[in-house]
Amino acid sequence: MSPLPLNWCLKALGYLNSRAKRRTLLPADLVEAALARMPERRFTRDEQATIVRAVAKPTEVNWPEYWEVRG
Amino acid sequence: MAKQPSVRSLKAGEEPEFDWEGLVLAPLHSSNGEMFSTADVLIRKRYKQAFDGDVRAARDMIKAARANAKARKSQQVTYNEWDDPLEQRRRRAKEREARLADPALLLLGIAAVDNEAFRNLGEPGEPGFAGRLARLRPTHLAQWVVDYAKSRSGHPARDLPYSMTGSVLPEDHPELSVWREAGDWLLAHLVRTRGPGATRFQEGISPNPSGRPRGRKTEPEDEDLPFDRFFSELTEIPAGGKLITVTRLDALIWKLMVEAGKGNDQLLNLLAPRMVDLVTLQWKSRVPTAIMEDYRG
């Protein structure tokens with residue numbers, strides 16, 4: 001079975017609003033869960049900026065202590 | 001001396017007096033000082049003759065109107081949205097925006113790229129690598145994302161529909177082996193080329209090197225058409241006991257039809273085979289709606 005666009009899956013799982021059309025903006029709790037799965041990984045400043053840009057409400061995320069880019 | 005009205009506001013058939021002795025000198029002046037070319041004067045004279053019922057002049061004017069319509073059609077540019085450079089730019093921007101979160105999904109381990117897509121990417125330095133990297137989308141969602149969605153407090157998700165189950169793979173799946181081995185290399189490329197730094201303003205580099213794109217032109221300008229300015233001048237004709245304002249072309253066609261209807265057999269013979277053309281010309285003459293309503297009323 002060929003994979004479908006991932007946005008459809010994220011909508012079906014309730015991470016994205018079903019009306020979201022263009023930009024994918026991730027919910028804060030999903031980002032926290034993803035960061036909690038890789039505690040030893042240190043993201044560079046550019047990587048942090050890339051992640052922050054894809055978060056719907058970056059100020060609501062409990063970022064790790066070393067995190068510099070807060071949105 | 002009473003001031004003469006402008007030629008543009010004359011009643012149809014009432015043409016200005018011209019200084020015919022100065023005909024060889026261009027530009028010509030009418031007696032109230034407006035400038036005209038020789039051709040402009042001659043077509044006004046011929047129009048007056050046609051309006052007065054001269055069949056040969058009427059034939060000439062119909063020829064001129066048809067030549068004008070033909071020139072308009074040949075110069076008309078059909079607008080194709082798909083080929084419009086501005087639309088192309090908007091479409092590309094929209095696609096870019098849709099791909100904006102992809103590097104973040106890969107960085108956070110929410111999504112992954114399967115072996116086939118990874119191998120199709122090729123090596124850096126190969127022709128087309130940059131384009132393929134710019135268009136690369138994550139192919140599969142990680143299994144933990146589905147599990148986490150079901151355990152979320154507040155609004156737990158239901159099972160994914162069957163059509164979407166193919167888009168989810170566990171992280172240790174053999175389909176993702178290349179991603180597990182060389183994922184860091186790809187992520188470094190993605191962050192550099194598609195992260196926020198890639199589109200940041202750089203000093204000394206123009207963000208818009210070729211300048212504003214040229215506007216599009218779909219309608220020919222009046223100056224490009226041989227008789228358009230003359231035929232679209234507004235004139236007054238008596239109709240139904242009052243004066244109505246119409247274009248010269250409409251006035252002529254209306255007058256010729258009335259004359260033919262009254263019993264001018266020569267005019268009738270001229271108009272009858274061209275009736276469809278005449279109605280089409282009148283329809284294409286772009287008369288403002290308010291005037292047309294007046295004309296119909």
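Values quoted throughout were computed directly from the atomic coordinates according to the rules given, and no laboratory measurement underlies them. In this text the structure is predicted, and so the values were computed from the model without any measurement. So basically every Cβ, Gly included, is an ideal-geometry build from the backbone, and we count neighbours across all protein chains shown.
General observations
- B:LEU187 paired with B:ASN269, simple spin-label distance in nm, labels 7 Å along Cα-to-beta-carbon: 9.2 nm
- Rotationally averaged projected area of region A:25-71 (alpha carbon convex hull; nm²): 2.8 nm²
- Of the chymotrypsin sites (Phe, Trp or Tyr not before Pro) in chain A, the ones in a loop by DSSP (not H, G, I, E or B) with at most 13 other beta carbons within 10 Å are A:TYR66.
- Pairwise label distance in nanometres, B:GLN202 with A:ARG45, each label 7 Å out on the Cα-Cβ vector: 1.8 nm
- Flagged links, alpha-carbon separation over 24 Å, of A:LYS57/B:LYS94; B:LYS73/B:LYS255; B:LYS70/B:LYS262; B:LYS73/B:LYS242; A:LYS21/A:LYS57; A:LYS11/B:LYS94: B:LYS73/B:LYS255; B:LYS70/B:LYS262; B:LYS73/B:LYS242
- The HN-Hα couplings worked out from phi for region B:159-176 by the Karplus form 6.51 cos²θ - 1.76 cosθ + 1.60 (θ = phi - 60°) are 4, 5, x, 4, 5, 9, 5, x, 8, 10, 9, x, 5, 8, 5, x, 5, 10 Hz, whole numbers, x standing for Gly and Pro.
- A simple spin-label model places the labels of B:TYR162 and B:ASP147 2.5 nm from each other, with each point 7 Å out along Cα-to-Cβ.
- Theoretical gain in end-to-end length, B:ASN115 to B:ALA93 [0.36 nm per residue, Cα-Cα removed]: 5.1 nm
- For B:ILE244, the residues whose modelled amide H falls within less than 5 Å of its own, excluding neighbours fewer than 5 places apart on the same chain, are B:ILE237, B:ALA239.
- Cβ-derived FRET efficiency at R0 25 Å, B:LEU243 paired with B:VAL276, nearest 0.05: 0.30
- Reducing region A:22-71 and region B:142-165 to their Cα centroids gives an inter-centroid distance of 21 Å.
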